[in-house]
Amino acid sequence: MSNPINRRSFLGTSLAATGLSAAAAASLSAAEKTASQAGKTQKPIQNEKILHARKVALDILKPSQKELEHGLELHADSLVFDSYGFAPRAAIDGDRLAEAINDHASTAELQDLREDMSMTRCVTDPAEQREFKEAFDAAGVTCIFQNAGEEGQDPMRLIKRLARFTYTTDMLADFVPKAVTPADIEQAQKEGRHCLYLTGNGVPLTQQWETTTDEMKYMRIFFQLGIRMMHMTYNRRNMLGDGCAEPANAGLSDFGREVVREMNKLGIIPDVAHSGWQTSLETAQVSEKPMVASHTTCASLHHHIRSKPDNVIKAIVETNGLVGICCIPRYLGGSGDISRLIDHIDYVVKKFGVDHVAIGTDVAYTSRNSALESKKVPRAPRSRTPWRSLWPPDSFRTTPEMSTSVSWTNWPLFTVGLVQRGYSDEDIQKIIGGNMLRVCRESLA
């Protein structure tokens, strides 16, 4: 079982291995000694991918030893809640995928096979399970609001990821159980475990259109299966409203308003991260419970269709909701790195208050074995751009340094970055977990 003392030991050990933080490692030696005496210390993790990401981020942040030590201790002792993200992804089984291609599997079959392997091989493959646990412990994340529904509204499409993560949390319940209430998340933190809280990338609809009540019936079913947040739209227009990639920006439909009311009734959080600005604004005007843009950025710092302007953020805040700042360099703009991530958090805090911002990474750690396994797979012909991804091109160029600095396993350094900016411990704990937990509580109240 993972526990806080192990996370603290790993943070010190891994940073010492980079040659950048001997003092930070020394400051944690007492905790490591205590853990060793209790028989709880895990073997020091020597994952070069994680260590490289730490080094890249530290070279950008350049924290003092005091800032680094304090940030790492605070992170290890806090409830950390990623407001939208992904559990560490396993490598595919290259031989099995190559066999499916040679057997003329369809594109849809291959996509399902890839997803299934990346989401569940942490259960069935010992090497992938070790790396899954290693990455989770390295990040020091208590809970991920886990993407557990393929983008769309067909219940049969949405249920696939939900099944995969239900399977993973069932089979690895001693390490990463499924949380269904905020109390479960708090209990996981007390026990030193991680957990997943589940969100779907769409509202399940039958598309029969008999009555609004009948059309919304699967929302309750998916809530009963553990889904606690749903995307109103995903980039494109649907029957609820316009997505962020629609130039018309037409807003929320009448049916969309009924869906928001039903979400409020059930205890499902409306998420407008991928919705158009007008749809986002009108969702906030309708919702009587907190809503979120779980993984976005501030348009005032960098204009992008996935960002949110001030009037939309203000409307979300007025529901007592929050915006989660994501780790996508293209949406962050500017330097596109870990310091820019903190800039966006700073902006929300100064303009709208510390109670209304979180970190929703929207990125995943991927197994070091992925490159080797992928080499076994025959090259597929170039396919058309998916409809959901058709949006205006931009001139931003993402560099490896940007992406590496905001790697998912660098979560402890997000906390260090907030310490550098002068935030109090109490405010940092709100940003890295407390605010999202509050929204979850209020949604179910």
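The values are calculated or read from the model by the stated rules, or taken from the named source; none is laboratory data. If you're wondering where the values come from, they're calculated on a predicted model, not measured in any experiment. Every residue, glycine among them, receives a Cβ derived from its backbone with ideal geometry; neighbour counts consider all protein chains shown. The protein model used for the area step is the full one, side chains on, heavy atoms only, and it has no ligands, DNA or RNA in it. Shrake-Rupley method; radii C 1.70, N 1.55, O 1.52, S 1.80 Å.
Within region 298-336, can you find the residues that are within 13 Å of ALA284 (Cα to Cα) and of a type in the set (A, V, I, L, M)? Residues satisfying the conditions are VAL312, ILE313, ALA315, ILE316, VAL317, LEU322, VAL323. Specify the residue that is least open to solvent (accessible area, probe 1.4 Å); the eligible residues are those in region 168-221 that are among the charged types (D, E, K, R), farther than 24 Å from ASP362 by Cβ and in a loop (DSSP other than H, G, I, E, B). So, considering only residues that are among the charged types (D, E, K, R), farther than 24 Å from ASP362 by Cβ and in a loop (DSSP other than H, G, I, E, B), the one least open to solvent (accessible area, probe 1.4 Å) is ASP174. The set of residues from region 120-133 being assigned to a helix (DSSP H, G or I) and open to solvent by 30 Å² or more (accessible area, probe 1.4 Å) comprises ARG121, THR124, PRO126, ALA127, GLN129, ARG130, LYS133. For the structure I just gave you, tell me whether ALA38 is modelled with pLDDT under 80 and surrounded by fewer than 20 Cβ atoms within 10 Å (Cβ to Cβ). Against the criterion (modelled with pLDDT under 80 and surrounded by fewer than 20 Cβ atoms within 10 Å (Cβ to Cβ)), ALA38 qualifies. Reported count of residues in region 64-88, each being farther than 28 Å from VAL123 by Cα and surrounded by 22 or more Cβ atoms within 10 Å (Cβ to Cβ), is 4.
Residues of region 89-112 that are surrounded by 13 or more Cβ atoms within 10 Å (Cβ to Cβ) and outside any helix (DSSP H, G or I): ARG89, ALA90, ALA91, ILE92, ASP93, ALA105. For GLY149, the criteria (1) assigned to a helix (DSSP H, G or I); (2) open to solvent by less than 10 Å² (accessible area, probe 1.4 Å) hold in every case but one, which is (1).
Kindly indicate the residue of region 266-281 that is more than 25 Å from PHE396 (Cβ to Cβ) and among the aliphatic types (A, V, I, L, M) and also surrounded by the fewest Cβ atoms within 10 Å (Cβ to Cβ) among those meeting that condition. Per the stated criteria, the residue is LEU266. Residues in region 282-302 that are in a helix (DSSP H, G or I) and open to solvent by 30 Å² or more (accessible area, probe 1.4 Å): 1 in all. The condition of being modelled with pLDDT of 95 or more, within 30 Å of ARG441 (Cβ to Cβ) and over 24 Å from the mean Cα position of the chain (by Cα) holds for only one of HIS75, HIS70, that being HIS70. In this entry, ALA108 passes the filter for residues that are over 20 Å from the mean Cα position of the chain (by Cα) and among the hydrophobic types (A, V, I, L, M, F, W, C).
Evaluate the following for GLU115: is it part of a helix (DSSP H, G or I), more than 22 Å from the chain's Cα centre (by Cα) and surrounded by fewer than 17 Cβ atoms within 10 Å (Cβ to Cβ)? Steps first, please.
Details: part of a helix (DSSP H, G or I): yes; more than 22 Å from the chain's Cα centre (by Cα): no; surrounded by fewer than 17 Cβ atoms within 10 Å (Cβ to Cβ): yes.
Answer is no for this residue.
Is there any pair with a first residue in region 388-407 that is crowded, with 18+ Cβ neighbours inside 10 Å and a second that is of a type in the set (D, E, K, R) whose Cβ atoms are under 6 Å apart and which are 6 or more apart or on different chains, and what are they? Final answer for the pair search is MET402/ASP337; SER405/ASP337.
The condition (being assigned to a loop (DSSP other than H, G, I, E, B), touching a residue at least 40 places away in the same chain (Cβ under 8 Å), under 20 Å from the mean Cα position of the chain (by Cα) and more than 18 Å from TRP411 (Cβ to Cβ)) is satisfied by just one residue among ILE316, ILE305: ILE305.
Would region 361-374 turn up any residue that is acidic (Asp, Glu) and farther than 24 Å from ALA91 by Cα?
Residues of region 361-374 acidic (Asp, Glu): 362, 373.
From what is left, the residues that are farther than 24 Å from ALA91 by Cα are none.
No, there is no match, as no residue in region 361-374 is acidic (Asp, Glu) and farther than 24 Å from ALA91 by Cα.
The residues in region 240-277 that are over 15 Å from LEU205 (Cβ atoms) and hydroxyl-bearing (Ser, Thr, Tyr) can be counted, and the count is 1.
Do we find a residue being more than 20 Å from the chain's Cα centre (by Cα), in a strand (DSSP E or B) and modelled with pLDDT of 95 or more anywhere in region 252-260? Don't jump to the end; show me each part of the working.
Of the residues in region 252-260, the ones more than 20 Å from the chain's Cα centre (by Cα) are 252-260.
Next, from what is left, pick out any that are in a strand (DSSP E or B): 252.
Restricting the remaining residues to those that are modelled with pLDDT of 95 or more gives 252.
Yes.
Residues of region 223-244 that are of a type in the set (A, V, I, L, M, F, W, C) and either within 16 Å of VAL292 (Cα to Cα) or open to solvent by 10 Å² or more (accessible area, probe 1.4 Å) (or both): PHE223, LEU225, ILE227, MET229, MET230, MET232, MET239, CYS244.
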